């Protein structure tokens, strides 16, 4: 029987590898299955390898293509985009799209590494508190990976097995499981992680702490429409007093933004050694004569703000000027009109693919607005408005009041759009709202474009290469 590339070449190889530094995207060497996993240090290194895999969703910017370029937030502004990139902008993904396959593989690579840790750590003797922390973080990463997969692909394989030979893979059940079953695995992992992680705040925001777990669990419950459970988890993050809104919104996305009080989970980067990010290239124009970087570097224009997003900001919204721009200084001293995003752009980068600005995956403003969403779902609209207004007050906007449940729902959606533009939230927010097609298709119509999102296109196609290598995999309907 043919078996998957991801389980033959990723589950085996990745499960035997780890990295010495969280900032290393690739392990330096393969580790013997017999000599490794002997002590706490071995498992710490293996856990860093799992974080390294998960980070690939953002370091390669795949999640930004998936969550921003497919929406009314962003568009491509350069002359030679790849076919894969155009498919994201036009919501016309095919099963041969390389970025889609990359997301599938990256999530399963992370799951594989977590499985190896969880299956082996029980046989090793070391400090129980340290062991519980490693287990909790591994379960968090596995849950987060499954959460992305189930939202993007729908039914996916579930496995807690550790594969060390082709024979084990051949005997495994790798059929796609129902969405409800996948969500149960996610909730079980996160609930377990809650009980295992210490209550103290982890000062290193690149690693999960109990607040990180509760935030993700709240998001999962919200996605499932369980407003009571979501409100409980998110309120516990708020009342913990471990997080807060950073006074300077722009500072969240510029140099020195490591481990701010608003950050709940982040990915840190450094220039050099291939450890930077490519946001400076992705978000800025492909103009050869622009003068916004040292040495007059140009961007790539692959994910740039839509005019629709520009017009979504209210008058006086302090977020706009630090999030988007449409005036590009040129080498000759003039300026030209071109829209570009400013979040996470490293203005001191000597290579636009080597930025050092930390990317925030989860932050406290998200908790507040998700809590507002849950409260509104529970018909506590006045309480929901109080949470929204905390986020608006930070950027100089007036309070909202007197809204009914329906208008509050729209207000939350609008607030999330401008608060988290270019942070990888928009597609998932639209999915949760239930009117992705309405919003995105209206956006296309407003641009006189013939693109559209059909019902089946709310899910990614399963990568064709994986189906060809795995007899157990089936394709999503209509692909």
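Every read-out reported here was derived from the displayed coordinates using simple, explicitly stated rules and does not represent laboratory data. Model, not experiment: these values are computed from the prediction. Glycine also receives a Cβ, built like all others from the backbone with ideal geometry; neighbour counts cover every protein chain displayed.
Computed from the C-beta positions of residue 310 and residue 273, the FRET efficiency with R₀ = 60 Å rounds to 0.95.
If you model the stretch 40-133 as an ellipsoid using its alpha carbon gyration tensor, with each semi-axis the square root of five times an eigenvalue, the axes come out at 38, 12, 9 Å, biggest first. Taking volume of the Cα convex hull per residue in Å³ as calculated from this structure, the corresponding entry among [x] 151; [y] 139; [z] 191 is [y].
Shape summary: the stretch 163-264 maps onto an equivalent ellipsoid whose semi-axes, from the alpha-carbon gyration tensor, are 32, 19, 14 Å in decreasing order. Once the Cα atoms are used to define both axes, helix 98-120 deviates from the longest principal axis of the chain by about 40 degrees.
In terms of the mean number of neighbouring beta-carbon atoms within 10 Å, the peptides 62-70, 109-117, 152-160, 292-300 order highest first as 109-117, 62-70, 152-160, 292-300.
Projecting label points 7 angstrom from Cα along Cα→Cβ for residue 128 and residue 327 puts them 6.4 nm apart.
Against the longest principal axis of the chain, how steep is helix 179-196, in degrees 0 to 90 to the nearest 10, with axes from Cα atoms? The angle comes out near 80 degrees. The helix-only estimate of mean residue ellipticity at 222 nm for the chain, built from DSSP H runs of length n ≥ 4 each weighted as -39500 (n - 2.57), is -13500 deg cm²/dmol after division by the residue total. Relative to the longest principal axis of the Cα atoms of the chain, the long axis of helix 128-153 makes an angle of roughly 60 degrees. Note on residue 239 and residue 407: their simple-model spin labels are 3.1 nm apart, each label 7 Å out from Cα toward Cβ. With bins 10 Å wide beginning at 0, the percent of Cα pairs of the stretch 258-415 falling in each bin runs 10, 30, 31, 20, 8, 1. Label sites at residue 41 and residue 224, each approximated as a point 7 angstrom past Cα along Cα to Cβ, lie 4.1 nm apart.
From the Cα gyration tensor of the stretch 269-357, with a ≥ b ≥ c the square roots of its eigenvalues, which class applies: rounded if a/c is under 1.5, or else prolate if a/b is larger than b/c, or else oblate? Cα axes put the stretch 269-357 in the oblate bin. Take the Kirkwood radius over Cα pairs of the stretch 359-426, plug it into Stokes-Einstein at 25 °C and 0.890 mPa s, and you get 205 µm²/s for translational diffusion. Across the stretch 111-150, counting alpha-carbon atoms alone, Rg and Dmax equal 11.0, 35 Å. Rounded to 0.05, the FRET efficiency of the residue 171 and residue 94 pair, given R0 = 22 Å and the Cβ-Cβ distance, is 0.10.
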